[in-house]
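Colleague: Handing you this structure, nothing more for now.
The values are calculated or read from the model by the stated rules, or taken from the named source; none is laboratory data. Please read all numbers here as calculations on a predicted model, not as lab measurements. Counting neighbours? That spans all protein chains shown, and the Cβs are built from the backbone with ideal geometry, glycine included.
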Amino acid sequence: MSDWDAVRGAALFAAMSETNFRALRDAAVVNRLSKGAPIARSGERVLHVLAEGTVELYGSHDGQSATIDVKEPVSALNLAAILRSASPVEQLRTVSPARILAIPAETVRDIFRRDPNFALAVAGELAEGYRDVMRLLMNEKLRTSVERLAAWIITSCRIDGNRASVELKFNKRILASRLGMAPENLSRNLALLERYGVRNAGRDIMVDDLRLLQDFAKPNPSIDGPAVNGHREAVG
């Protein structure tokens, strides 16, 4: 399946007219980036759509940096900034070699104004982004760092089809920062979770007893998303 087949199937683009989708496709430039490459802060000029690879969203201040999220295909990386004609708040860099489609912002805004199905999909995407931010805040405020790690493992297992293991697609520094802890705390927390059947080898995290881990983490769809109940949230 081509990049554009995958993009067309994504919720953000699936319902828009074929004519408008062709206009997006024809205006786009495909960028191939190596691992660790920054993605230009050009929110007012280009919509970045991740078609292949993994991208880290992070913030920095006074010599400190922190991971906000990690995105996988298909993701519109700076949609809010595009609609506001503003620079993104967050910064972006690739975690793996990536292919990113760069669509001129004015083309996106023009189609947003005249394609109601696309406008509705954009509203849904931004609304889900807001819900993700609220979940992140609740996770930070209501759980300890080891509870956040346990809940993340459970959610990752559920998303991967109730598997009993998780293979990290990025390094542990990113995972620790994403969960709001120092790398050394991540190592200590993984050791603490051994009593609940969690084993770690390199980038693989194995769970011997998912129910035991659930009893400890107490997964909550309001914080962890609907995947913890074994299903995805409907989009409509």
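Colleague: I need the full set of residues from segment 199-218 which are crowded, with 16+ Cβ neighbours inside 10 Å, more than 13 Å from residue 147 (Cβ to Cβ) and over 24 Å from the mean Cα position of the chain (by Cα), in order please.
Modeller: none
Let's see how each residue does on (1) free of Cβ contacts under 8 Å to residues at least 40 places away in the same chain; (2) assigned to a helix (DSSP H, G or I); (3) closer than 24 Å to residue 70 by Cα:
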position: 174; (1), (2), (3): no, yes, yes
position: 180; (1), (2), (3): no, no, yes
position: 184; (1), (2), (3): yes, yes, yes
position: 190; (1), (2), (3): no, yes, yes
position: 195; (1), (2), (3): yes, yes, no
position: 206; (1), (2), (3): no, no, yes
position: 212; (1), (2), (3): yes, yes, no
position: 216; (1), (2), (3): no, yes, no
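Colleague: Pick out the one residue from 53, 43 that is buried (at least 16 other Cβ atoms within 10 Å of the Cβ), touching a Ser or Thr at 6+ places or on another chain (Cβ under 6 Å) and modelled with pLDDT under 95.
Modeller: Going through 53, 43 in turn, just one is buried (at least 16 other Cβ atoms within 10 Å of the Cβ), touching a Ser or Thr at 6+ places or on another chain (Cβ under 6 Å) and modelled with pLDDT under 95: 43.
Colleague: Moving on. Going by what's in this entry, would residue 215 be described as farther than 24 Å from residue 35 by Cβ, modelled with pLDDT of 90 or more and not assigned by TED's automatic domain parsing to the domain that holds residue 90?
Modeller: It is true that residue 215 is farther than 24 Å from residue 35 by Cβ, modelled with pLDDT of 90 or more and not assigned by TED's automatic domain parsing to the domain that holds residue 90.
Colleague: Please specify each residue of segment 27-74 satisfying the condition of being among the β-branched types (Val, Ile, Thr) and either in the same structural domain as residue 175 (by TED's automatic domain parsing) or under 15 Å from the mean Cα position of the chain (by Cα) (or both).
Modeller: Residues satisfying the conditions are 49, 54, 55, 67, 68, 70, 74.
Colleague: Under the condition of being under 17 Å from the mean Cα position of the chain (by Cα) and crowded, with 17+ Cβ neighbours inside 10 Å, which residue from segment 102-135 is farthest from residue 191 (Cα to Cα)?
Modeller: 122
Colleague: While we're on this one: For segment 73-99, what are the residues that are surrounded by fewer than 16 Cβ atoms within 10 Å (Cβ to Cβ) and β-branched (Val, Ile, Thr)?
Modeller: 89
Colleague: On the given criteria, is residue 228 among the β-branched types (Val, Ile, Thr) and within 30 Å of residue 118 (Cα to Cα)?
Modeller: Yes; evaluated as a whole, the condition is true for this residue.
Colleague: Need at least 3 residues that are of a type in the set (Val, Ile, Thr) per element, so show me which strands (runs of 3 or more DSSP E) inside segment 1-82 make the cut, counting only ones lying wholly within it.
Modeller: Details: elements: 29-33, 46-52, 55-61, 64-71.
The strands (runs of 3 or more DSSP E) meeting that bar are 64-71.
Colleague: I've got another one for you. If you take the residues in segment 88-130 that are of a type in the set (Lys, Arg) and assigned to a strand (DSSP E or B), which one is nearest to residue 53 (Cα to Cα)?
Modeller: Selected residue: 99.
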